[in-house]
Amino acid sequence: MKIKNIGIILTCFFSSFLFAEEKPNVLFIAIDDLNHWVGHLDRNPQAKTPNIDRLAAMGTSFTNAHCAVPACEPSRAAIMGGRRPWNTGCYLNRHDWKKIQPVGDGLSAQFLNAGYYVAGAGKIYHSMEFFPKEWTEYMPTDGFSKDGKGVQKYDGYHIDKKHSKLKDQDIIDWHSVDYCIDRIKGKKGDQDKPFFLACGLYKPHLAFVAPRKYYKDFPLESIELPPHREDDLNDIPPSGIKMAGPGGDHRKFLKSGRWKAAIQSYLATVAYTDMNVGRLLDALNSSSKKENTIIVLWTDHGWSLGEKKHWRKFALWEETTRTPYIWVVPGMTNPGTKSNRPVDLMSLYPTLCELAGIERPSYVEGHSIVPLLKNPKNSWKHPAITTYGKGNHAVRTETHRYIRYANGEEELYHNKVDPYEWTNLANNKKYKHLKNQLAKYIPKKEIDPAPRK
């Protein structure tokens, strides 16, 4: 036993020494619209994500991680730009992130300035846009399709189209991964520099369509609806009901009978994405870069599939804010560890700067989670904060979620005993003190929304 412990100590020492001598590489994996339906998070037992779960087994998974904004454009602007939406005005999709983020302030720019080879592919910012000056190079999208030739946005969702001839390589994600694999293997790029390699996977974003082989594990007759209650909106204030929008998508699904079919399509599309994550991991594990590469996987927000009669993102409940969030840091994270501390994705920018020894810009908000990477059970005093629209915020702790809307309406859930947030406790006087404590994290000042595109 003593010899074994000495070996572990020496391994950690030399790993730390190597990490200090060499700048670490970074493999930055961004996934669009992937909620917490992944195996290791135990939310949906039907989900099959062996490669994402393999990555979780390699390092630390944050089981209580939440987005900054439950919408693509403002979420990515906040993560990559380092500023929360109430300080930029980028609250919603179509609030133009390029008009609020100065060129050179992005996360990739800090690595570029620090001497890294910085390459990107796919969707990192919204609509696969980026500032060219912040990257060494970026994969062109000409000639590639986000969904596959002939696939329409609502195929597999509202409309039943199988696309039986669709192949893996018909979707841009396959090529984004190819691009990154070439650079991991040293076939492209600058091998004299450490790399910051960002791979943005578009799926499972609509359209919920994948090659037919990915549907085999999800036969329609076996699909289970997510836990839900018919009376779930009865104790929710008008602002919450408006966000839920039960008269929109949910009414259409009940009328068409396609609720289970949409879930089947989502699970199949997630399986396609998981395959691409596996390709990245295989390439890194077979390369000489494995021992000195930080891996971080994140998704821009969650996705609701009928819980609270709500579909898509665009709300402040658990389904729309909770995300997979996985870190592998050589010499620091321990394999297969989990942290239930509440963290939000504003932690990405400061954490990567700290790990790479790069000075953190003064404008960057959020908290570095390095203490939790070292020990997932370390004390943590910060809640996760999610914003959707000016004045609307959710504060998530280890045990509760507090929501306050712009007009002062409130929701409060005890997630420890009510994981699907079926009982709103906001009007219970017993919880007045808790609400007041959580309300302190809501910003006092918020700027007006940014210009629309």
- Task: Work out, step by step, the length gained on full extension between L220 and K149: first 0.36 nm times the residue separation, then minus their alpha carbon distance; give nm to one decimal.
- Result: 23.1 nm
- GluC sites (Glu not before Pro) within segment 183-237, DSSP loop, no more than 12 other Cβ atoms inside 10 Å: E224, E230
- First compute the accessible area of the chain with a 1.4 Å probe, then give the percent of it belonging to carbon and sulfur atoms. 53 percent
- Message: Taking the solvent-accessible surface of protein heavy atoms with a 1.4 Å probe, what is the per residue accessible area of segment 358-446 in Å²?
- Response: 53 Å²
- May I ask which residue of N427, G391, L348 lies farthest towards the positive end of the charge dipole of segment 305-453, with charges of +1 (Lys, Arg) and -1 (Asp, Glu) on Cβ and the Cα centre as origin? N427
- Item | Cα centre as origin, Lys/Arg/Asp/Glu Cβ charges: the chain dipole, Debye | 480 debye
- Item | Given charges at beta-carbon only (K, R positive; D, E negative), |dipole| of segment 125-189 in Debye | 180 debye
- Treating cross-link reach as a plain straight distance, find the aspartates and glutamates whose alpha-carbon is under 12 Å from the alpha-carbon of K167, omitting any fewer than eight places away in the same chain. D147
- Message: Only helices at least 15 Å long along their own axis, judged from Cα atoms, and with Kyte-Doolittle mean hydropathy of 0.0 or greater: name those in the chain from DSSP H.
- Response: 2-21, 259-285
- Selected from P74, V26, P194, residue furthest toward positive end of dipole (the chain; charges at beta carbon): P74
- Report the charge-dipole magnitude of segment 399-453 in Debye, nearest 20, computed about the Cα centre from +1 at each Lys and Arg Cβ and -1 at each Asp and Glu Cβ. 240 debye
- Computed over the Cα atoms of segment 85-181, the Rg and Dmax in Å are 16.7, 49
- Note on the structure: Of 258-267, 367-376, ordering from highest average Cβ density within 10 Å down gives 258-267, 367-376
- Compute the label zone of K416 within segment 57-79: residues whose backbone N is under 19 Å from the point 7 Å along Cα-to-Cβ. 63-65
- So, with points 7 Å from each Cα along the Cβ direction, the K440-S287 label distance in nm works out to 4.5 nm
- Nearest-0.05 FRET efficiency for K430 and S362 at R0 = 41 Å, using Cβ-Cβ distance, is 0.45
- What net charge is computed for the residues neighbouring D173, neighbours being all others with C-beta under 14 Å from the C-beta of D173, Lys and Arg scored +1, Asp and Glu -1? -2
- Note on the structure: The computed P(r) of the chain puts the percent of Cα pairs beyond 43 Å at 10 percent
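The values are calculated or read from the model by the stated rules, or taken from the named source; none is laboratory data. Bear in mind the structure is a predicted one, so any value in this text is a computation, not a measurement. Virtual Cβ from ideal backbone geometry, glycine too; neighbours counted across all protein chains shown. Side chains included, ligands, DNA and RNA excluded: accessible areas come from the protein's heavy atoms. Shrake-Rupley method; radii C 1.70, N 1.55, O 1.52, S 1.80 Å.
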